[in-house]
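Participant: Below are the structure tokens for one structure; questions will follow.
The values are calculated or read from the model by the stated rules, or taken from the named source; none is laboratory data. Quick caveat, the model's predicted, so the values are computed rather than measured. A quick note on method: Cβ atoms are made from the backbone with ideal geometry, for glycine too, and the neighbour counts reach across all protein chains shown.
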Amino acid sequence: MDNTSSNDTMMVELESVLLEEGIPFDHDGNRIRDPVQQVRDLVTALRQSGQRRNELQQFIAQGVAVGRWNHLPQGEQIKPLQLLRDCETRWSSTFLMLDRVLLLYPAISDFLAHPSRADLTKHLLSAHQLAVLTDIYRIFEVPHQVQQLVSAEKTPTLSYVLPAYELLVDAWKSLRQALPPLKHYLDLGIAKIEEYINKSRKSRVYALAMEYMAYLT
């Protein structure tokens, strides 16, 4: 469920109806929000003005300089980087947004802990939300790597793209076992990519591309 005000109203009304029926329900505690949208909201809030962006940037730079986050688990290291917004017209922009937030989150959490930023604490992410976002990040990382692989070619053709997509499908199939709660979404992605691959293989253009690449090599 997304974070629009209409859904807030709906959840309050649903709580009222269920409580009248004697069914325990909390309009906030029983609501599962879109975790990626929560990250968008967090990034938007922290980039709302030039002053806030500068404050966060300075806070991170100062913290890195004094080693404030030198003892993070798994050897993670925070760098003085800026948060990134995603947009529909940029490849991998959602992945890059998640990547940056997950990297900087210990610093973001400390930044929002200051009393002067109490109005922003509603954007803090729980440990569970961070775990879910990490799983989503792992899913998005696969097509990002495929896109990087394909775009590295000066003249990408079907002879490069389709094998790359097959690698994507194989990787997502492996993730189905590692991430059971997200299996449904992985299956949808796999089905769509396999549909595209099957249609492309029936195209004469694909055969021509394979023959052309064989000629070049």
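Participant: Test residue 107 against the stated conditions and say whether it is within 16 Å of the chain's Cα centre (by Cα), part of a helix (DSSP H, G or I) and more than 30 Å from residue 201 (Cα to Cα).
Facilitator: No; evaluated as a whole, the condition is false for this residue.
Participant: Can you pull out every residue in segment 87-107 that is of a type in the set (Asp, Glu) and either at pLDDT 90 or above or closer than 19 Å to residue 52 by Cα (or both)?
Facilitator: 99
Participant: Could you list, in sequence order, all residues of segment 158-188 that are loosely packed, with under 15 Cβ neighbours inside 10 Å and either of a type in the set (A, V, I, L, M) or outside any helix (DSSP H, G or I) (or both)?
Facilitator: 167, 178, 188
Participant: Here's a check for you: in segment 110-129, which residue that is buried (at least 16 other Cβ atoms within 10 Å of the Cβ) and among the hydrophobic types (A, V, I, L, M, F, W, C) is nearest to the chain's Cα centre (by Cα)?
Facilitator: Out of the qualifying residues, it is 125.
Participant: Also, quick follow-up: Find all pairs meeting these conditions: Cβ atoms under 7 angstrom apart; at least six residues apart or on different chains; first residue within segment 172-185 and in contact (Cβ under 8 Å) with a residue 40 or more places away in the chain; second residue hydrophobic (A, V, I, L, M, F, W, C) and part of a helix (DSSP H, G or I).
Facilitator: 182/139
Participant: Going through segment 48-60 one residue at a time, which ones are exposed (fewer than 14 other Cβ atoms within 10 Å of the Cβ) and closer than 15 Å to residue 109 by Cα?
Facilitator: Passing the criteria: only 58.
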